[in-house]
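Data first, discussion second: the structure below is written as structure tokens.
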Amino acid sequence: MKEYFKNTFEALYTVLVGMKITFKHLFVPSVTIQYPDVKPKMPERARNRLFVNMDDCIGCDQCARACPVNCISIETLKSTPDDSPGETSQGKKKALWVTKFDIDIAKCCFCSLCVYPCPTECIKMTQVYEFSEFEREDLLYRFATLTPSEIAEKQKKFEEFTAAKEAEKLAAAKAKVEKPKPVVEKKVDPNTDKKAE
């Protein structure tokens, strides 16, 4: 009989303790959010998906060299005097066409080491953290803005410019070789003749 009352008391006590905790949190504001309808605010220096502003990119390749996992690949093409890529938003003149700027975000370790060496601050970490894909190939981000036909056109212009420069150099070298050397007349010292007499 004593055991029966003891068990009954413990059961009621346990229920009351549980109800006390429930009642205590009944009027406290909730700490959970309804994700994904409500998204948490990311810290200011959070490291998420990379973004490249191609209007400011000068193709210096410093971000790719700083990347410890080689997830950035850049290809450039020299511009010709009559076909300039323009200027950055900071007024820096561009000398290269960026024909390829790919970031394989599947390889990225979000270290942010590529962001700091950029002289034009065109590559940065964004607040976007939801970018999962079903296919791995979809995680390869291509930022270059030139189309394949435009790249072919720029390549052709550069080759023509290089060929013209080479022809100009060859013509200059040929003209230098063919130019007759001026005849140097030997001056006769009049004192020498007198001494001989």
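Is it fair to say Thr145 is modelled with pLDDT of 90 or more, within 30 Å of Asp56 (Cα to Cα) and open to solvent by 100 Å² or more (accessible area, probe 1.4 Å)? In short, yes. What do you reckon, is Leu140 at pLDDT 95 or above, surrounded by 12 or more Cβ atoms within 10 Å (Cβ to Cβ) and of a type in the set (A, V, I, L, M)? Criteria met by Leu140. Is it fair to say Lys154 is out of contact with any Gly (no Cβ under 6 Å at 6 or more places or on another chain), of a type in the set (Lys, Arg), open to solvent by less than 100 Å² (accessible area, probe 1.4 Å) and modelled with pLDDT of 90 or more? In short, yes. Taking region 77-125 as the range and being polar (S, T, N, Q) and either in a loop (DSSP other than H, G, I, E, B) or open to solvent by 30 Å² or more (accessible area, probe 1.4 Å) (or both) as the test, the residues that pass are Ser79, Ser84, Thr88, Ser89, Gln90, Ser112, Thr120. Taking the criterion of being surrounded by 10 or more Cβ atoms within 10 Å (Cβ to Cβ) and in a loop (DSSP other than H, G, I, E, B), the residues of region 44-60 that qualify are Ala46, Arg47, Asn48, Arg49, Asn53, Met54, Asp55, Asp56, Cys57, Ile58, Gly59, Cys60. Selection over region 8-43 of residues that are surrounded by 10 or more Cβ atoms within 10 Å (Cβ to Cβ) and of a type in the set (S, T, N, Q) gives a count of 2.
The values are calculated or read from the model by the stated rules, or taken from the named source; none is laboratory data. Since the model is a prediction, treat every value here as computed from it, not as a measurement. Neighbour counts are summed over all protein chains in view; Cβ atoms, including those assigned to glycine, are modelled from backbone coordinates with ideal geometry. Just so you know, the surface numbers come from the protein's heavy atoms only, side chains and all, with ligands and any DNA or RNA stripped out. Shrake-Rupley method; radii C 1.70, N 1.55, O 1.52, S 1.80 Å.
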